[in-house]
1. Answer yes or no: is there a residue in segment 63-79 that is within 13 Å of ligand 1 (Cβ to nearest atom), surrounded by fewer than 22 Cβ atoms within 10 Å (Cβ to Cβ) and either aliphatic (A, V, I, L, M) or under 25 Å from Ser210 (Cβ atoms) (or both).
2. When you look at Gly65, is it over 25 Å from Met156 (Cα atoms) and assigned by TED's automatic domain parsing to the domain that holds Val220, yes or no?
3. Might you check whether a residue that is of a type in the set (Lys, Arg) and away from ligand 1 (no atom under 11 Å from the Cβ) occurs anywhere in segment 36-48?
4. Please determine, by comparing only the residues of segment 205-227 that are within 25 Å of Ala127 (Cβ to Cβ) and under 15 Å from the mean Cα position of the chain (by Cα), which one is modelled with the lowest pLDDT.
5. If we keep just the residues of segment 34-58 that are within 16 Å of ligand 2 (Cβ to nearest atom) and assigned to a strand (DSSP E or B), which is nearest to His216 (Cα to Cα)?
6. Considering every residue within segment 21-29, establish whether at least one is in contact (Cβ under 8 Å) with a residue 12 or more places away in the chain, part of a loop (DSSP other than H, G, I, E, B) and assigned by TED's automatic domain parsing to the domain that holds Arg207.
7. Let me confirm something: among Arg55, Arg72, which residue is more than 23 Å from Arg206 (Cβ to Cβ), among the basic types (Lys, Arg) and touching a helix residue (DSSP H, G or I) at 6+ places or on another chain (Cβ under 9 Å)?
8. Counting only residues that are in a strand (DSSP E or B) and over 19 Å from the mean Cα position of the chain (by Cα), which one in segment 9-18 is surrounded by the fewest Cβ atoms within 10 Å (Cβ to Cβ)?
Amino acid sequence: MSPIIEVRGLSVVFDGFRALDGVDLTVERGELRFLIGPNGAGKTTLIDVVTGLTRPASGEVLLAGRSLTGLREHQIVRLGVGRTFQTSVVFEELTVLENLDLAAAFRRPLLSLARRRRGVSETVAEALETTGLAGLADRPAGVLSHGQRQWLEIGMLLAQRPEVLLLDEPVAGMSRAERERTGELLTSVARDRTVIVVEHDMEFLRRYASQVTVLHEGRVLAEGSVEEVRGDPRVQEVYIGRRKDDAVSAGS
Ligand SMILES: Nc1ncnc2c1ncn2[C@@H]1O[C@H](COP(=O)(O)OP(=O)(O)OP(=O)(O)O)[C@@H](O)[C@H]1O
Ligand SMILES: [Mg+2]
(Lines give C-alpha, C1' and ligand atoms only; values in the text may rest on other atoms or scores of the structure.)
(Ligands and ions follow the chains in the order given, each with its own letter.)
Protein backbone atom coordinates (compact mmCIF):
# COMPACT_ATOMS: atom_id res chain seq x y z
CA MET A 1 0.00 0.00 0.00
CA SER A 2 1.37 3.40 -0.95
CA PRO A 3 1.79 6.13 1.66
CA ILE A 4 -0.98 8.71 1.76
CA ILE A 5 1.40 11.68 1.47
CA GLU A 6 4.79 11.67 -0.21
CA VAL A 7 6.84 14.83 -0.50
CA ARG A 8 9.79 14.48 -2.86
CA GLY A 9 12.70 16.91 -3.15
CA LEU A 10 10.52 19.89 -2.42
CA SER A 11 12.03 23.36 -2.68
CA VAL A 12 10.30 26.73 -2.35
CA VAL A 13 12.04 29.97 -3.20
CA PHE A 14 10.75 33.42 -2.18
CA ASP A 15 12.71 36.22 -3.91
CA GLY A 16 15.89 34.14 -3.95
CA PHE A 17 15.39 32.88 -0.37
CA ARG A 18 15.02 29.11 0.02
CA ALA A 19 12.17 28.60 2.47
CA LEU A 20 12.21 24.86 1.69
CA ASP A 21 15.29 23.15 0.38
CA GLY A 22 14.92 19.58 -0.84
CA VAL A 23 12.38 18.30 1.67
CA ASP A 24 11.41 14.61 1.58
CA LEU A 25 8.58 13.44 3.79
CA THR A 26 6.55 10.25 3.80
CA VAL A 27 3.39 9.93 5.86
CA GLU A 28 1.48 6.66 6.09
CA ARG A 29 -2.28 6.39 6.33
CA GLY A 30 -3.64 6.75 9.82
CA GLU A 31 -0.60 8.58 11.21
CA LEU A 32 -0.75 11.47 13.63
CA ARG A 33 2.46 13.11 12.46
CA PHE A 34 3.97 16.08 14.24
CA LEU A 35 5.99 18.71 12.42
CA ILE A 36 8.22 20.85 14.62
CA GLY A 37 11.05 23.31 14.14
CA PRO A 38 12.10 26.82 15.14
CA ASN A 39 10.35 29.91 13.78
CA GLY A 40 10.94 30.28 10.07
CA ALA A 41 11.88 26.59 9.64
CA GLY A 42 9.40 26.23 6.78
CA LYS A 43 6.58 24.36 8.54
CA THR A 44 3.76 26.58 7.29
CA THR A 45 5.35 26.77 3.85
CA LEU A 46 5.31 22.97 3.64
CA ILE A 47 1.59 22.93 4.47
CA ASP A 48 1.05 25.70 1.92
CA VAL A 49 2.64 23.62 -0.82
CA VAL A 50 0.79 20.41 0.05
CA THR A 51 -2.52 22.31 -0.05
CA GLY A 52 -1.77 24.17 -3.28
CA LEU A 53 -1.44 27.67 -1.84
CA THR A 54 2.23 27.96 -2.74
CA ARG A 55 3.94 26.61 -5.84
CA PRO A 56 7.25 24.84 -5.36
CA ALA A 57 10.36 25.74 -7.36
CA SER A 58 11.05 22.03 -7.65
CA GLY A 59 9.94 18.70 -6.30
CA GLU A 60 6.45 17.34 -5.91
CA VAL A 61 3.76 16.15 -3.55
CA LEU A 62 1.89 12.87 -4.11
CA LEU A 63 -1.45 12.04 -2.56
CA ALA A 64 -1.92 8.26 -2.50
CA GLY A 65 0.49 8.06 -5.42
CA ARG A 66 -1.14 10.82 -7.44
CA SER A 67 0.83 14.00 -8.13
CA LEU A 68 -0.77 17.21 -6.88
CA THR A 69 1.50 19.35 -9.05
CA GLY A 70 -0.37 22.10 -10.82
CA LEU A 71 -3.64 21.55 -8.96
CA ARG A 72 -5.43 24.49 -7.36
CA GLU A 73 -6.41 24.73 -3.71
CA HIS A 74 -10.07 23.80 -4.20
CA GLN A 75 -9.13 20.82 -6.36
CA ILE A 76 -6.83 19.54 -3.64
CA VAL A 77 -9.60 20.00 -1.04
CA ARG A 78 -11.89 17.92 -3.24
CA LEU A 79 -9.28 15.19 -3.42
CA GLY A 80 -9.50 14.98 0.35
CA VAL A 81 -6.79 17.23 1.76
CA GLY A 82 -7.91 19.90 4.23
CA ARG A 83 -6.05 22.39 6.40
CA THR A 84 -6.40 24.98 9.09
CA PHE A 85 -4.51 28.25 9.14
CA GLN A 86 -2.28 29.75 11.81
CA THR A 87 -4.92 32.49 12.12
CA SER A 88 -8.62 31.84 12.54
CA VAL A 89 -11.04 31.82 9.60
CA VAL A 90 -14.48 31.31 11.20
CA PHE A 91 -17.37 33.68 10.47
CA GLU A 92 -18.11 35.30 13.82
CA GLU A 93 -21.67 36.44 13.07
CA LEU A 94 -22.72 32.99 11.87
CA THR A 95 -23.61 30.25 14.33
CA VAL A 96 -21.41 27.24 14.95
CA LEU A 97 -23.85 25.16 12.91
CA GLU A 98 -23.89 27.64 10.03
CA ASN A 99 -20.10 27.71 9.92
CA LEU A 100 -20.02 23.92 9.75
CA ASP A 101 -22.75 23.85 7.12
CA LEU A 102 -20.88 26.32 4.97
CA ALA A 103 -17.70 24.27 5.23
CA ALA A 104 -19.62 21.10 4.33
CA ALA A 105 -21.23 22.84 1.34
CA PHE A 106 -17.80 23.38 -0.09
CA ARG A 107 -17.54 19.73 -1.04
CA ARG A 108 -21.22 19.13 -1.71
CA PRO A 109 -22.20 18.78 -5.35
CA LEU A 110 -24.21 21.73 -6.67
CA LEU A 111 -27.26 19.52 -7.07
CA SER A 112 -27.52 18.76 -3.38
CA LEU A 113 -26.99 22.45 -2.65
CA ALA A 114 -29.91 23.28 -4.92
CA ARG A 115 -32.30 20.97 -3.13
CA ARG A 116 -31.02 21.99 0.23
CA ARG A 117 -32.45 19.77 2.90
CA ARG A 118 -33.83 21.05 6.12
CA GLY A 119 -32.15 19.93 9.28
CA VAL A 120 -28.58 18.99 9.93
CA SER A 121 -26.64 16.83 7.50
CA GLU A 122 -25.05 13.70 8.84
CA THR A 123 -21.57 15.04 8.18
CA VAL A 124 -22.27 18.22 10.13
CA ALA A 125 -23.88 16.30 12.98
CA GLU A 126 -20.79 14.11 13.16
CA ALA A 127 -18.50 17.12 13.19
CA LEU A 128 -20.53 18.66 16.04
CA GLU A 129 -20.31 15.43 17.98
CA THR A 130 -16.61 14.79 17.41
CA THR A 131 -15.60 18.31 18.40
CA GLY A 132 -17.92 18.38 21.42
CA LEU A 133 -19.64 21.54 20.16
CA ALA A 134 -23.16 20.11 19.83
CA GLY A 135 -24.37 22.15 22.81
CA LEU A 136 -23.15 25.35 21.18
CA ALA A 137 -24.56 24.67 17.70
CA ASP A 138 -26.87 27.70 17.71
CA ARG A 139 -24.48 30.19 19.28
CA PRO A 140 -22.69 32.71 17.11
CA ALA A 141 -19.06 31.67 16.58
CA GLY A 142 -18.02 35.08 17.88
CA VAL A 143 -18.88 34.10 21.47
CA LEU A 144 -16.71 30.96 21.49
CA SER A 145 -13.64 30.75 23.69
CA HIS A 146 -10.29 30.49 21.96
CA GLY A 147 -10.22 26.72 22.41
CA GLN A 148 -13.78 26.22 21.19
CA ARG A 149 -12.98 28.27 18.13
CA GLN A 150 -10.06 26.00 17.27
CA TRP A 151 -12.34 22.99 17.66
CA LEU A 152 -14.86 24.65 15.37
CA GLU A 153 -12.13 25.04 12.76
CA ILE A 154 -11.24 21.39 13.09
CA GLY A 155 -14.97 20.61 12.82
CA MET A 156 -15.16 22.72 9.66
CA LEU A 157 -12.36 20.64 8.23
CA LEU A 158 -14.09 17.40 9.21
CA ALA A 159 -17.28 18.62 7.54
CA GLN A 160 -15.33 18.57 4.28
CA ARG A 161 -14.67 14.86 4.83
CA PRO A 162 -10.92 14.98 4.28
CA GLU A 163 -8.65 11.96 4.28
CA VAL A 164 -5.71 14.10 5.29
CA LEU A 165 -5.87 17.04 7.71
CA LEU A 166 -3.06 19.54 8.11
CA LEU A 167 -3.27 21.67 11.23
CA ASP A 168 -1.04 24.68 11.81
CA GLU A 169 -0.43 25.20 15.54
CA PRO A 170 -3.90 24.24 16.74
CA VAL A 171 -3.07 24.42 20.46
CA ALA A 172 -1.23 27.76 20.44
CA GLY A 173 -2.68 29.97 23.17
CA MET A 174 -4.81 27.20 24.68
CA SER A 175 -5.16 26.40 28.37
CA ARG A 176 -3.84 23.11 29.64
CA ALA A 177 -7.34 21.61 29.75
CA GLU A 178 -8.06 22.78 26.21
CA ARG A 179 -4.80 21.28 24.99
CA GLU A 180 -5.70 17.98 26.52
CA ARG A 181 -9.09 17.94 24.82
CA THR A 182 -7.45 18.89 21.54
CA GLY A 183 -4.94 16.07 21.88
CA GLU A 184 -7.74 13.61 22.41
CA LEU A 185 -9.69 15.10 19.53
CA LEU A 186 -6.71 14.74 17.17
CA THR A 187 -6.07 11.20 18.35
CA SER A 188 -9.66 10.25 17.63
CA VAL A 189 -9.66 12.06 14.27
CA ALA A 190 -6.50 10.17 13.27
CA ARG A 191 -8.20 6.83 13.90
CA ASP A 192 -9.67 6.80 10.43
CA ARG A 193 -7.83 9.69 8.79
CA THR A 194 -4.29 11.01 8.56
CA VAL A 195 -3.35 14.08 10.59
CA ILE A 196 -0.26 16.24 10.14
CA VAL A 197 0.07 18.82 12.88
CA VAL A 198 2.51 21.67 13.39
CA GLU A 199 3.19 22.16 17.07
CA HIS A 200 5.94 23.49 19.29
CA ASP A 201 4.72 22.40 22.68
CA MET A 202 6.89 19.52 23.92
CA GLU A 203 4.53 18.47 26.68
CA PHE A 204 1.85 18.10 24.02
CA LEU A 205 4.17 16.12 21.76
CA ARG A 206 5.20 13.77 24.51
CA ARG A 207 1.59 12.92 25.18
CA TYR A 208 0.19 12.60 21.69
CA ALA A 209 2.90 12.23 19.04
CA SER A 210 4.17 8.97 17.67
CA GLN A 211 6.28 10.17 14.74
CA VAL A 212 7.92 13.60 14.67
CA THR A 213 9.63 15.38 11.79
CA VAL A 214 11.93 18.27 12.66
CA LEU A 215 12.40 21.02 10.10
CA HIS A 216 15.19 23.57 10.29
CA GLU A 217 16.08 26.22 7.73
CA GLY A 218 13.96 24.55 5.11
CA ARG A 219 15.37 21.04 5.54
CA VAL A 220 14.44 17.92 7.43
CA LEU A 221 16.84 17.89 10.35
CA ALA A 222 15.62 14.75 12.09
CA GLU A 223 12.76 12.29 12.14
CA GLY A 224 11.64 9.63 14.56
CA SER A 225 9.85 9.08 17.84
CA VAL A 226 9.58 11.95 20.33
CA GLU A 227 12.35 10.36 22.38
CA GLU A 228 14.59 9.92 19.35
CA VAL A 229 14.31 13.52 18.16
CA ARG A 230 14.64 14.90 21.69
CA GLY A 231 17.83 12.93 22.13
CA ASP A 232 19.27 14.14 18.82
CA PRO A 233 22.12 16.62 19.49
CA ARG A 234 21.39 18.51 16.25
CA VAL A 235 17.81 19.04 17.35
CA GLN A 236 18.91 20.21 20.80
CA GLU A 237 21.33 22.59 19.11
CA VAL A 238 18.69 24.40 17.03
CA TYR A 239 16.41 24.78 20.04
CA ILE A 240 19.06 26.28 22.34
CA GLY A 241 18.17 29.75 23.50
CA ARG A 242 14.55 29.41 22.49
CA ARG A 243 11.47 29.78 24.65
CA LYS A 244 11.53 27.32 27.51
CA ASP A 245 8.36 25.58 26.38
CA ASP A 246 9.91 25.38 22.92
CA ALA A 247 13.01 23.64 24.17
CA VAL A 248 13.14 20.04 23.07
CA SER A 249 15.09 19.07 26.16
CA ALA A 250 12.85 20.91 28.63
CA GLY A 251 11.18 18.86 31.35
CA SER A 252 10.59 15.15 30.90
N1 LIG B 1 5.20 34.73 1.13
C2 LIG B 1 6.45 34.81 1.57
N3 LIG B 1 7.34 35.67 1.00
C4 LIG B 1 8.61 35.72 1.43
N5 LIG B 1 9.12 34.97 2.43
C6 LIG B 1 8.30 34.10 3.03
C7 LIG B 1 6.92 33.99 2.64
N8 LIG B 1 6.34 33.03 3.42
C9 LIG B 1 7.31 32.59 4.26
N10 LIG B 1 8.47 33.23 4.03
C11 LIG B 1 9.75 32.98 4.72
O12 LIG B 1 10.02 31.60 4.61
C13 LIG B 1 10.58 31.11 5.83
C14 LIG B 1 9.72 29.97 6.33
O15 LIG B 1 8.49 30.50 6.79
P16 LIG B 1 7.35 29.62 7.42
O17 LIG B 1 6.21 30.53 7.67
O18 LIG B 1 7.12 28.43 6.58
O19 LIG B 1 8.02 29.16 8.79
P20 LIG B 1 7.37 28.38 10.03
O21 LIG B 1 8.25 27.21 10.27
O22 LIG B 1 5.94 28.15 9.79
O23 LIG B 1 7.60 29.44 11.21
P24 LIG B 1 6.66 29.83 12.46
O25 LIG B 1 7.04 28.86 13.54
O26 LIG B 1 7.12 31.20 12.79
O27 LIG B 1 5.23 29.77 12.05
C28 LIG B 1 10.64 32.29 6.77
O29 LIG B 1 11.95 32.81 6.72
C30 LIG B 1 9.65 33.25 6.20
O31 LIG B 1 10.02 34.59 6.50
MG1 LIG C 1 4.23 28.76 10.69
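1. no
2. So Gly65 fits the description; yes.
3. no
4. Ala209
5. Within segment 34-58, the match that is nearest to His216 (Cα to Cα) is Ile36.
6. yes
7. Arg55
8. Looking at residues that are in a strand (DSSP E or B) and over 19 Å from the mean Cα position of the chain (by Cα), I get Phe17.
The values are calculated or read from the model by the stated rules, or taken from the named source; none is laboratory data. Keep in mind that this is a model prediction, so the values were computed, not measured. Virtual Cβ from ideal backbone geometry, glycine too; neighbours counted across all protein chains shown.
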